[in-house]
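For reference, the structure discussed in these notes is given below.
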Amino acid sequence: MVKRNPNMAKLQSGYLFPEIARRKNEFIKKNPNAKLVSLGIGDTTQPIKPHITKGLADEASRLGTKEGYSGYGAEQGLEELRDRIAEKLYNGAINGDEVFVSDGAKPDTARLQLLFGSNVSIAVQDPSYPVYVDSSVILGQAKGYNQKKSQFGGIEYMKCVPENNFFPDLEKTKKTDIIFFCNPNNPTGAAAARGQLKQLVEFARKNKSILVYDSAYSQFISDKSLPKSIYEIEGAEEVAIEISSFSKPIGFTGVRLGWTVIPNELEFEDGTKVNKDWNRIMTTLFNGASNIAQRGGLAALDKKGMKEMEQTVSYYLENAKVIMASMEKLGYEVYGGIHAPYIWVRVPGKTSWQAFEEFLGKANVVTIPGVGFGPSGEGFLRLSSLGNRQDVDEAVKRIERSLK
Ligand code: MLT
């Protein structure tokens, strides 16, 4: 028999979201009449808007014609889409040839780890989207798990909690090769100010680190003074890669479309352009995003599509307001929810998993335990506002009734 990859054995239990699903199903088995409502996994629920749907449908129809059929596309994506992303979402701060279109931010995160290899050190916000840590462990960048600290050895956990305004104390942060930074943040919903992002870029420049900036939720930023992209910060093009996604703002979680920006200025220690190696990885391991999805993305970035995107985002942010108001009414300490579809709630006197079980058992509402995102998430729950309004209303009604 073949030896198991020892890195797989280092991972803690299952990946967070399937673990939630497992516990949910276990609960349903024991309580077959319970009707659960989910504020759990951040999956979208609202139908794709008509103009964007037409972009998808038109391409699907074209593929059924002799003239319109296309096979493999460029691995880097349609030139037209790369240019439009650069123009509409980055106001020309980057060029189309620095944009690599893909099937989403999560697979790009995994492929970035292949680009970096096993011998790099990483830093992550604590709490953070679990893919950064888990992909790093799988690749062998991390040492064993320290049960006492609930941390992997060899990974720098940058504490981001209410007490430091969810921004790490960079003076106390160890130098690492790679820094993962998700903004607006999943799970806390916090959005960094321009001055904070300047500090972060400065920190990466000083340490000669590469900053992997995940902006999957940038369209949820509702305050014009907050940066939507790291390239709004001077000098970022020399240190930062930006990963982003169409999933949440236009409902493409199932359609699959995202992108990664690697500026021409970004180089490895030996002077190799990072985007040269990324191009090699993508052309080797990826056959290009679906042509249908890319046409949908193009439609989302014209005038009508951008309007539709705004409408979808507003709908979810309205949901967030409903959830936040309800939790505040019950006396909980509430964060996030203004520039992100996630609400971060402190559950005093309980562990995250105890609170998860309580919300599930008493209100039949599914949430995500904060500790699943890192040790500093202990004592918090994450609530998602990406549901239907009706379900959100029902969830808050139940929570108010059974958890007051
Ligand atoms: C979440 O709930 O955090 C999201 O589903 C994460 C993702 O986009 O993979």
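The values are calculated or read from the model by the stated rules, or taken from the named source; none is laboratory data. Every value quoted in this text rests on a predicted model; they were computed, and no experiment measured them. Every residue, glycine among them, receives a Cβ derived from its backbone with ideal geometry; neighbour counts consider all protein chains shown.
Quick rundown of the values:
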quantity	calculated
Residue within region 230-239 that is among the small types (Gly, Ala, Ser), surrounded by fewer than 22 Cβ atoms within 10 Å (Cβ to Cβ) and in contact (Cβ under 8 Å) with a residue 12 or more places away in the chain present	yes
Listing of helices (runs of 4 or more DSSP H) fully contained in region 285-367 that carry 2 or more residues being in the same structural domain as Ser384 (by TED's automatic domain parsing), under 20 Å from the mean Cα position of the chain (by Cα) and surrounded by 24 or more Cβ atoms within 10 Å (Cβ to Cβ)	303-329
Within region 1-46, considering residues that are within 16 Å of the ligand (Cβ to nearest atom) and aromatic (Phe, Trp, Tyr), the one surrounded by the most Cβ atoms within 10 Å (Cβ to Cβ)	Phe17
Restricting region 117-144 to residues that are among the polar types (S, T, N, Q), crowded, with 23+ Cβ neighbours inside 10 Å and in a loop (DSSP other than H, G, I, E, B), the residue that is farthest from the ligand (Cβ to nearest atom)	Gln141
Residue pairs meeting the criteria (Cβ under 8 Å; at least 6 apart or on separate chains; first within 11 Å of Arg23 (Cα to Cα) and more than 15 Å from the ligand (Cβ to nearest atom), in region 354-373; second assigned to a helix (DSSP H, G or I) and not hydroxyl-bearing (Ser, Thr, Tyr))	Leu360/Arg23; Leu360/Lys24; Leu360/Phe27
Those residues of region 270-284 which are charged (D, E, K, R) and either touching a residue at least 60 places away in the same chain (Cβ under 8 Å) or not assigned by TED's automatic domain parsing to the domain that holds Thr109 (or both), in sequence order	Asp277
Selected residue (criterion: surrounded by the most Cβ atoms within 10 Å (Cβ to Cβ)) from residues of region 145-179 that are under 19 Å from Lys208 (Cβ atoms) and in contact (Cβ under 8 Å) with a residue 60 or more places away in the chain	Ile178
Enumeration of residues in region 198-223 that are assigned to a loop (DSSP other than H, G, I, E, B), closer than 26 Å to Lys248 by Cβ and among the hydroxyl-bearing types (Ser, Thr, Tyr)	Ser215, Tyr217, Ser222
Single residue of region 148-197 satisfying the filter (in a helix (DSSP H, G or I) and out of contact with any helix residue (DSSP H, G or I) (no Cβ under 7 Å at 6 or more places or on another chain)) that is farthest from the ligand (Cβ to nearest atom)	Glu171
Residue check for Thr109: touching a strand residue (DSSP E or B) at 6+ places or on another chain (Cβ under 9 Å) and away from the ligand (no atom under 16 Å from the Cβ)	no
Candidate set from region 373-390 (those that are in a helix (DSSP H, G or I) and in contact with a Ser or Thr (Cβ under 7 Å, 6 or more places away or on another chain)); member that is surrounded by the most Cβ atoms within 10 Å (Cβ to Cβ)	Phe373
Residues that are of a type in the set (S, T, N, Q), within 26 Å of Lys143 (Cα to Cα) and not in a loop (DSSP other than H, G, I, E, B), drawn from region 1-48	Asn7
Candidate set: region 252-268, residues that are over 14 Å from the mean Cα position of the chain (by Cα) and part of a loop (DSSP other than H, G, I, E, B); chosen: the one nearest to the ligand (Cβ to nearest atom)	Gly254
